[in-house]
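Written below as structure tokens is the structure these notes are about.
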Amino acid sequence: MTLNQLAVLIKIIELQSFSKAAEELYITQPGVSHSISDLENELGIKLIERGKDGICTTETGDKVLKHARLIISSMEQIRQEVAASLGLKTGQLKIGSFGSVSTNFLPGIMRLFKLRYPKIDLKIFEGTEGEIRDWILSRTIDIGFITFPCNTLETIPVISDDMMVVLPETHPLAVKNSIGIEELAKYPMMITWNSNCQILVKKAFKSSTGKLPPWKYKVSNIGTLLAMIKEGLGIAIIPKFALPEDLPNVRILPLKPALKRRIGLASITPFADMSPAASAFAELTQKWIKNNIKS
């Protein structure tokens with residue numbers, strides 16, 4: 001078993017393609033196939049299978065994949081530690097991000113990071129908050145943006161933003177300057193199901209009314225949510241950073257009292273023990289947001 005074979009296994013599952021794995025690893029496609037075949041022959045068990053949903057690991061392959069990611073991650077950390085001791089900043093950093101972070105913060109943070117550390121290769125994995133947590137736990141990524149609460153990972157806070165009430169401009173509550181939770185309980189509401197924001201909203205409703213929010217629709221995309229609001233199908237509580245600047249035909253009002261979403265960075269590794277690249281990214285992220293964003 002070699003490090004190269006483990007790297008090939010990880011890359012195939014990550015990219016869902018033998019040919020794309022070959023391109024990224026700068027080897028031939030037959031070379032990728034031989035690496036996996038040799039690894040399976042050595043272990044005496046099938047690791048990868050092709051199905052109607054694409055390439056996936058077998059039950060044993062999934063266990064091997066988790067160990068492979070840990071080994072490759074540790075090797076990368078060794079390289080970065082050695083480079084750092086020589087005064088160099090090199091290596092690779094895999095970062096998870098979700099929509100509003102990718103739009104509002106990540107490009108500026110990446111630009112500054114590349115200016116400071118041009119030899120560190122950044123790879124961005126964009127997904128839902130749930131996917132980001134899974135990617136961190138499986139070591140698919142090194143560090144990722146999440147929203148609190150998060151009790152299963154090592155975290156540091158980065159920024160917070162207000163949860164806003166978004167409603168059609170023809171809605172009876174649209175004439176108000178701010179809205180209380182009790183007032184919202186009378187109207188059908190909508191939410192994106194794959195966001196931690198629903199936990200915040202649930203807690204706020206339970207605290208104020210003793211009941212759960214009157215959710216009528218749950219969707220996976222905030223664009224769909226906003227389109228439905230414009231059509232008068234309901235109202236929603238949405239983080240301020242997730243809202244586009246130009247949003248015609250709707251009213252955006254603050255909650256009273258204010259309800260805030262907290263955003264942070266998360267890792268499976270304690271932040272004091274992270275790789276130099278991950279530590280540098282976390283530190284620079286906090287500095288960039290402090291200097292550029294008013295929360």
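One residue is enough: does region 262-278 have a residue meeting the conditions buried (at least 19 other Cβ atoms within 10 Å of the Cβ) and either without any contact (Cβ under 8 Å) to a residue 24 or more places away in the chain or more than 30 Å from Leu70 (Cβ to Cβ) (or both)? Scanning region 262-278 turns up no residue that is buried (at least 19 other Cβ atoms within 10 Å of the Cβ) and either without any contact (Cβ under 8 Å) to a residue 24 or more places away in the chain or more than 30 Å from Leu70 (Cβ to Cβ) (or both). Just the residues that are closer than 27 Å to Phe145 by Cβ and part of a loop (DSSP other than H, G, I, E, B), please, taken from region 174-201. Scanning region 174-201 gives Trp193, Asn194, Ser195, Asn196. Residue count for region 275-289, restricted to those that are of a type in the set (Val, Ile, Thr) and either modelled with pLDDT under 90 or within 17 Å of Arg139 (Cβ to Cβ) (or both): 0. When the criteria are applied in full, Leu247 fails the requirement of being farther than 20 Å from Ser73 by Cβ and touching a strand residue (DSSP E or B) at 6+ places or on another chain (Cβ under 7 Å).
From the list Ala227, Ala204, Ala236, the lone residue that is closer than 29 Å to Phe105 by Cα, touching a residue at least 12 places away in the same chain (Cβ under 8 Å), in a helix (DSSP H, G or I) and among the small types (Gly, Ala, Ser) is Ala204.
Go through Ile95, Ile45, Ile124, Ile27 for me and flag whichever is touching a residue at least 24 places away in the same chain (Cβ under 8 Å) and either buried (at least 16 other Cβ atoms within 10 Å of the Cβ) or farther than 19 Å from Ile141 by Cβ (or both).
Ile95
If you go through region 239-254 and keep only what is out of contact with any Pro (no Cβ under 9 Å at 6 or more places or on another chain) and part of a loop (DSSP other than H, G, I, E, B), you end up with Leu243, Pro244, Glu245, Asp246, Leu247, Pro248.
With region 14-119 as the region, which helices (runs of 4 or more DSSP H) entirely inside it contain at least 1 residues that are hydroxyl-bearing (Ser, Thr, Tyr)?
18-25, 29-43, 59-85, 99-104
Residues of region 236-261 that are surrounded by 22 or more Cβ atoms within 10 Å (Cβ to Cβ) and among the basic types (Lys, Arg): Arg261 alone.
Residues that are over 14 Å from the mean Cα position of the chain (by Cα), at pLDDT 90 or above and farther than 26 Å from Gln80 by Cα occur at least once in region 150-159.
When region 171-214 is limited to residues that are among the hydroxyl-bearing types (Ser, Thr, Tyr) and under 19 Å from Asn249 (Cα atoms), the one that is modelled with the highest pLDDT turns out to be Ser178. Within region 127-143, restricting attention to residues that are of a type in the set (A, V, I, L, M) and either surrounded by fewer than 21 Cβ atoms within 10 Å (Cβ to Cβ) or not in a loop (DSSP other than H, G, I, E, B) (or both), the residue that is nearest to the chain's Cα centre (by Cα) is Ile132.
The values are calculated or read from the model by the stated rules, or taken from the named source; none is laboratory data. Keep in mind that what you see is a predicted model, and the values were worked out from it rather than measured. Cβ coordinates were reconstructed from backbone atoms using ideal geometry, including for glycine residues, and neighbour counts include every protein chain displayed.
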